[in-house]
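Contents: one structure, followed by commentary.
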Amino acid sequence: MNQESVGKRRFILHVDMNSFYASVESVVDPSLKGKALAIAGNPQERRGIIVTCSYEARKRGVKTTMPLWQAKRLCPELIIRRPDFPKYRTFSKRMFQLLREYTEMVEPVSIDEGYMDVTHLASNPIEIAQDLQRRLYEEIGLPCSIGIAPNKFLAKMASDMKKPMGITILRKREVHHILWPKHVAEMHGIGQATAEKLKQYDIYTIGDLAQQDRYTMKQRMGVNGVKMWERANGIDDSPVNPQRADEFQSIGNSTTLAEDLDDEASLFHIFSSLATSVEKRMFEKSVVGQHVQIVIRYRDRKTVTRSKALDNTFHEKQIILQEAWALFLKHWTREPVRLLGITASALLSKEHAFRQMDLFTYEKDEKTEKVNQLVQNLQEKFGQSSIRKGAEAAPLEPHDE
Amino acid sequence: MKFQINRSHLLEGVQDVMKAVSSRTTIPILTGIKMEVHSEGMVLTGSDNDISIERHIPIEEAGNVNIEVAQPGKIVLSARYFSDIVRKLPGETVEIEVGERFETTLRSGASEFNLIGLDPEEYPRLPQVEEKEVLMIQGDLLRQMIRQTVFAVSTTETRPILTGVNMKLEEGVLTFVSTDSHRLAKRIASIDNSTEGLAFQNVVIPGKSLNELSKIVEESSELVHIVVTNNQVLFKTKNTLFFSRLLDGNYPDTSKLVPSESKTTLVLSTKEFLQAIDRASLLAKEGKNNVVKLATIDETNIQISSNSPEVGKVFENVTTQSMQGEELKISFNAKYMIDALKAMDCSDIEIWFTGAMRPFLIRPTEGETVTQLIVPVRTY
């Protein structure tokens with residue numbers, strides 16, 4: 001971003017699609033409209049979990065990540081659909097295309113949300129938001145919530161305030177009475193682990209955080225502490241970056257252990273289930289990674305992160321686990337471990353990614369590629385959703401449980 | 001111990017043995033350089049356990065006196081400090097004196113350093129290698145063979161054996177092969193000067209060792225003696241002994257991986273092709289994929305292209321000297337192609353393709369001393 005625009009007042013929109021997968025399903029099959037609908041892993045199996053659900057289902061108490069059997073008990077007429085990621089990607093593309101009709105300054109954050117910088121547009125940001133929301137609904141059939149604010153962080157917080165189909169304006173001067181009473185964990189970018197840590201310093205609300213001293217926060221939590229403090233005060237200078245490619249993003253999972261552990265077998269088991277969820281999320285986002293990173297936190301809260309750039313793209317649990325475990329063994333002090341995490345980063349979307357074939361196993365790849373080509377040719381001829389590979393039609397279930 | 005030595009000779013020697021010294025060693029004494037002075041000259045030794053280098057500086061050379069020995073002896077000095085000091089000392093000569101407790105004085109011009117030395121008896125002995133069976137090769141040829149293969153070794157420890165170069169000697173033909181399983185580089189050379197009947201297959205020298213070795217071997221026709229033992233290899237030049245540990249394990253059989261026939265054959269100017277790939281990879285690198293696409297157009301043209309969604313696209317036509325066989329579209333990592341082309345050392349190359357999903361072969365139009373193999377990429 002150029003120097004001039006720093007410090008100048010900006011208008012940022014955060015567009016967040018409302019229960020995206022469920023909304024897409026009811027566009028494709030209008031009979032689902034207005035019904036309690038959930039998207040879940042394998043519905044034939046009891047252990048399937050809810051990936052997302054419609055607002056009608058939410059009203060009955062159904063929540064994301066809830067096991068299917070529990071959701072069914074709360075809402076017996078719940079309609080279950082399996083996720084269909086190629087379909088969601090198609091809709092996601094259409095949605096971002098529409099956003100880009102207003103400005104090129106669109107930064108996709110995930111399949112169903114993105115930031116727009118509308119500072120330089122002639123129309124008033126509220127009118128833009130209203131028009132955009134209406135068109136997304138009328139032309140594509142999808143509901144969304146939009147936050148309008150002077151920066152990305154506040155826009156993100158704002159879009160979360162009114163769902164579905166809300167438009168919320170959050171001004172910097174309103175931060176202290178709107179954001180400050182909220183719990184810190186409601187702040188975008190603060191997870192359970194960080195909230196726990198903040199508790200040590202008697203920080204419970206966003207206001208508590210905002211009223212800390214900037215320097216103290218830096219001492220306690222480094223650059224991240226400063227970033228949190230700034231955000232709590234409504235400050236966020238990060239630009240909307242349309243070039244922000246997948247490579248800057250990452251997918252990571254970490255878990256605080258029920259008890260501190262130092263035996264290899266248990267730790268390996270934890271890595272294995274972390275790798276499973278990273279694989280699953282990479283699959284859902286249809287990306288492959290180039291770097292593997294691990295986090296180890298010890299009993300004394302000392303935290304170590306180590307990463308490795310692999311010389312090939314990857315998405316398989318087996319590779320994630322193998323590399324993470326090798327990194328762990330190399331850097332682990334053998335002290336009891338409190339938290340472990342795996343992150344896949346330098347992500348590329350599968351459609352733009354390549355896999356370097358191996359001299360010793362290329363014959364196996366040759367077969368896969370033939371199938372890929374066939375699918376691609378048919379898709380070109382008969383449309384994206386005419387055919388897809390079996391493995392893409394059904395989400396992978398964790399296979400180590 | 002007390003002696004005086006020509007500073008530039010000492011510096012040259014120290015810089016050579018420094019190539020074996022690692023700051024990350026787990027054995028403290030190996031952070032030092034061992035220095036021994038006797039009536040014939042000086043011996044400097046550096047080692048990191050994987051590589052050991054011994055460098056001789058003769059008392060006299062071509063009528064010039066290098067060293068004046070007052071009292072023979074030996075010492076181990078911190079490699080880091082010693083090399084920096086020798087580099088910056090003001091005089092043409094350096095006087096070195098070691099006391100009973102290994103305290104060492106270095107005098108040069110008006111400058112005097114006192115360094116705390118280490119007990120030379122604690123320095124590990126270098127491997128003893130008997131020179132029964134010797135392979136001899138010209139220094140410049142050895143350097144070229146290293147340069148043409150070592151870049152293709154694996155840099156990951158997934159398959160440790162692939163981090164080395166496989167050196168083979170069969171019927172007077174010396175072969176260097178390396179592969180990281182994505183590409184393969186092979187160089188052969190006829191050797192006349194070796195012990196009768198000498199042959200070996202499974203000798204795998206760490207790539208790092210060969211990189212260091214090529215910095216020490218001179219670009220000249222002077223012969224380097226190579227001696228292979230069970231777990232060590234020794235490269236011997238006039239004044240230097242270079243020992244390297246060998247990698248354990250069996251190097252995979254790579255002979256079957258090289259295609260013996262071609263479905264599409266291109267003949268190209270190495271330089272023009274290299275420059276086109278280099279240009280196409282300007283954008284490819286940005287996309288992190290570094291993948292470029294090659295497509296045949298007609299008998300005298302191919303197209304090189306690359307597409308990075310966030311950056312842009314590039315297309316370039318390259319004139320071929322000939323194109324024979326089937327049409328072809330193939331994608332590969334530009335870096336592997338650039339590395340391979342830079343190692344060809346010839347003006348024209350031939351590329352043999354056997355399909356878009358199979359490794360392809362690059363070799364000079366004349367002679368078969370260099371073979372490069374690259375495995376293409378596939379989409380997801």
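Restricting A:M161, A:M165 to those that are at positive phi and in contact with a Ser or Thr (Cβ under 7 Å, 6 or more places away or on another chain) reduces the list to A:M165. The residues in segment A:257-309 that are assigned to a loop (DSSP other than H, G, I, E, B) and over 18 Å from the mean Cα position of the chain (by Cα) can be counted, and the count is 6. Note on segment A:101-117: among residues that are under 17 Å from A:F20 (Cβ atoms) and of a type in the set (V, I, T), the one that is surrounded by the fewest Cβ atoms within 10 Å (Cβ to Cβ) is A:V109. Quick one: is B:N230 away from chain A (no Cβ under 14 Å), modelled with pLDDT under 95 and either more than 30 Å from B:S331 (Cα to Cα) or touching a Leu at 6+ places or on another chain (Cβ under 9 Å) (or both)? For B:N230, the condition - away from chain A (no Cβ under 14 Å), modelled with pLDDT under 95 and either more than 30 Å from B:S331 (Cα to Cα) or touching a Leu at 6+ places or on another chain (Cβ under 9 Å) (or both) - is met. Within segment B:112-137, the set of residues being under 30 Å from B:L198 (Cα atoms) and surrounded by 10 or more Cβ atoms within 10 Å (Cβ to Cβ) comprises B:L126, B:P127, B:V129, B:E131, B:E133, B:V134, B:L135, B:M136, B:I137. As a summary of the residue check, B:I161 satisfies the conditions (1) in contact with a Leu (Cβ under 9 Å, 6 or more places away or on another chain); (2) surrounded by 17 or more Cβ atoms within 10 Å (Cβ to Cβ); (3) outside any loop (DSSP other than H, G, I, E, B) except for the one numbered (2).
Is one or more of the residues making up segment B:249-266 under 25 Å from B:L126 (Cα atoms) and either outside any helix (DSSP H, G or I) or of a type outside the set (F, W, Y) (or both)? Looking through segment B:249-266, at least one residue is under 25 Å from B:L126 (Cα atoms) and either outside any helix (DSSP H, G or I) or of a type outside the set (F, W, Y) (or both). Quick check: is even one residue across segment B:323-330 within 14 Å of chain A (Cβ to nearest Cβ) and either part of a strand (DSSP E or B) or at pLDDT below 95 (or both)? Looking through segment B:323-330, at least one residue is within 14 Å of chain A (Cβ to nearest Cβ) and either part of a strand (DSSP E or B) or at pLDDT below 95 (or both). Checking A:D262, A:D202, A:D237 one by one, the residue that is of a type in the set (D, E, K, R) and within 30 Å of A:I320 (Cα to Cα) is A:D262 and no other. Whether any residue in segment B:293-301 is small (G, A, S) and in a strand (DSSP E or B) is what I want to check. Yes, because at least one residue in segment B:293-301 is small (G, A, S) and in a strand (DSSP E or B).
Within segment A:162-207, how many residues are more than 28 Å from A:Y137 (Cα to Cα) and not in a loop (DSSP other than H, G, I, E, B)? Total satisfying the criteria: 22.
In a residue-by-residue description of segment A:389-396, the property of being surrounded by fewer than 19 Cβ atoms within 10 Å (Cβ to Cβ) and modelled with pLDDT of 70 or more applies to no position. If you check A:T333 against the conditions, is it surrounded by 15 or more Cβ atoms within 10 Å (Cβ to Cβ), hydroxyl-bearing (S, T, Y), more than 14 Å from chain B (Cβ to nearest Cβ) and in contact (Cβ under 8 Å) with a residue 24 or more places away in the chain? Answer is no for this residue. Per the conditions (1) within 14 Å of another protein chain (Cβ to nearest Cβ); (2) assigned to a strand (DSSP E or B), the sole criterion not satisfied by B:I188 is (1). Of everything in segment B:365-380, what is more than 7 Å from chain A (Cβ to nearest Cβ) and more than 22 Å from the chain's Cα centre (by Cα)? Give them in sequence order. Answer for segment B:365-380, where residues must be more than 7 Å from chain A (Cβ to nearest Cβ) and more than 22 Å from the chain's Cα centre (by Cα): B:T365, B:E366, B:G367. Within segment A:341-366, the set of residues being of a type in the set (D, E, K, R) and either part of a strand (DSSP E or B) or more than 7 Å from chain B (Cβ to nearest Cβ) (or both) comprises A:E351, A:R355, A:E363, A:K364. Based on this model, can you work out whether A:M187 counts as in the same structural domain as A:L209 (by TED's automatic domain parsing), touching a residue at least 40 places away in the same chain (Cβ under 8 Å) and within 26 Å of A:R281 (Cα to Cα)? Taking the combined requirement at face value, the residue satisfies it. B:V129 meets all of the listed conditions (1) farther than 24 Å from B:K19 by Cα; (2) among the aliphatic types (A, V, I, L, M); (3) modelled with pLDDT under 95 but one, namely (1).
For B:A276, the conditions (1) in contact (Cβ under 8 Å) with a residue 60 or more places away in the chain; (2) assigned to a helix (DSSP H, G or I); (3) in contact with an Asp or Glu (Cβ under 6 Å, 6 or more places away or on another chain) all hold with the exception of (1).
The values are calculated or read from the model by the stated rules, or taken from the named source; none is laboratory data. Computed from a prediction, not measured in an experiment: that's the story for all the values here. Positions of Cβ are generated from backbone atoms using ideal geometry, with glycine treated the same way; all protein chains shown enter the neighbour counts.
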